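The values are calculated or read from the model by the stated rules, or taken from the named source; none is laboratory data. As the structure is a computational prediction, the values presented were derived from the model and not from experiment. Here the Cβ is made from the backbone with ideal geometry for all residues, glycine too, and neighbour counts use every protein chain on show.
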Amino acid sequence: MTVCRPILNTLRVALLRWRFIGVLIPALALKELLKARTRNSFSQFGEDSLLQQICPPNGYYIDVGSGRPVSGSNTFLLYKKGWRGTLIDPIRQNILLSFLIRPRDKKIQAAIGNPGVFNFFQLFPYEYSTFSDVRAQDLVNTNQAQLISKDKINVIGIETLFGSPVNGCLLLCIDIEGMDLQVLTRFPFEIQKPDVICVEETLNDTDSGFGIHDFLQNKGYRLFRRLAPSAIYVLIDSKRLKI
């Protein structure tokens with residue numbers, strides 16, 4: 001299997017570069033469904049298990065940079081428990097897989113951040129995909145990832161997607177490779193404050209004068225737990241959380 005894996009990965013990258021996504025989707029969907037049936041946690045660092053512990057049985061999530069519907073997802077465990085929400089991701093194959101595996105969720109193929117048109121580097125593995133030219137080059141040059149495509153895509157502000165409050169507990173998950181603070185600063189907190197925010201927070205974010213930590217503290221949140229690069233913040237006056 002270890003001998004075949006590099007060959008399979010090379011074939012997958014070639015198919016993606018040639019835009020033959022339809023050939024890959026059935027196989028990827030079966031792989032995702034197998035993981036959905038055989039695992040109890042799907043996040044990379046156990047974020048979903050912690051979120052399940054503190055969140056009520058039902059609620060709504062907004063998952064920005066949602067990725068695959070199962071693998072590495074911070075929200076699929078909640079989906080299995082009855083939650084639903086909105087999945088937002090710029091990679092077409094991730095959205096197509098989500099249509100197949102998570103029918104209750106709303107799916108949006110888009111990039112979220114400060115509006116404009118930017119270069120998007122789709123890499124394999126897809127988790128490394130980024131808007132940063134420097135980051136993409138570094139990953140490719142160090143053989144950590146392979147470049148699939150470089151495309152100009154529209155980036156939209158998250159405030160344009162959510163014009164009314166959500167009933168019940170609200171979870172906001174953000175994982176978009178360095179643009180997380182842009183999403184938070186544009187989120188319409190005046191309409192509704194999420195009860196929980198799970199965000200990828202680097203050391204530079206925490207140290208900056210207007211970083212994620214300071215921004216969320218000013219909005220009425222406290223840091224609940226760090227799990228590797230993920231930080232989970234809870235709304236101080238939330239009555240829905242089990243903490």
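For the reader, a short list of remarks on this structure follows.
- Filter pass, residue 181 being in contact (Cβ under 8 Å) with a residue 12 or more places away in the chain, part of a helix (DSSP H, G or I), touching a helix residue (DSSP H, G or I) at 6+ places or on another chain (Cβ under 6 Å) and more than 26 Å from residue 32 (Cβ to Cβ): yes
- Any hit, segment 82-89, residues being at pLDDT 90 or above, over 19 Å from residue 161 (Cα atoms) and of a type in the set (Gly, Ala, Ser): yes
- Looking only at residues in segment 195-209 that are more than 20 Å from residue 114 (Cβ to Cβ) and not hydrophobic (A, V, I, L, M, F, W, C), the one that is modelled with the highest pLDDT is 195.
- Flag if residue 235 is at pLDDT 90 or above, surrounded by 19 or more Cβ atoms within 10 Å (Cβ to Cβ), of a type in the set (A, V, I, L, M, F, W, C) and closer than 23 Å to residue 66 by Cα: yes
- Residue identified as closer than 21 Å to residue 177 by Cα, out of contact with any Phe, Trp or Tyr (no Cβ under 6 Å at 6 or more places or on another chain) and either at pLDDT 95 or above or hydroxyl-bearing (Ser, Thr, Tyr) (or both) among 116, 46, 65: 46
- Checking every residue in segment 77-91 against the condition of being in contact with a helix residue (DSSP H, G or I) (Cβ under 6 Å, 6 or more places away or on another chain), hydroxyl-bearing (Ser, Thr, Tyr) and touching a residue at least 24 places away in the same chain (Cβ under 8 Å) gives zero matches.
- Being closer than 23 Å to residue 193 by Cβ and among the acidic types (Asp, Glu) holds for only one residue in 63, 133, 138, and it is 63.
- Only residues that are part of a helix (DSSP H, G or I) and modelled with pLDDT of 50 or more were counted in segment 17-43, giving 18.
- Where a residue in segment 23-47 is farther than 28 Å from residue 232 by Cα and its partner, wherever it lies, is assigned to a helix (DSSP H, G or I) and at pLDDT below 90, with Cβ under 8 Å and at least six apart: 23/15; 24/12; 24/15; 24/16; 24/93; 25/93; 28/93
- Selection from segment 30-87 of residues that are under 15 Å from residue 99 (Cβ atoms), in contact with a strand residue (DSSP E or B) (Cβ under 6 Å, 6 or more places away or on another chain) and among the aliphatic types (A, V, I, L, M): 87
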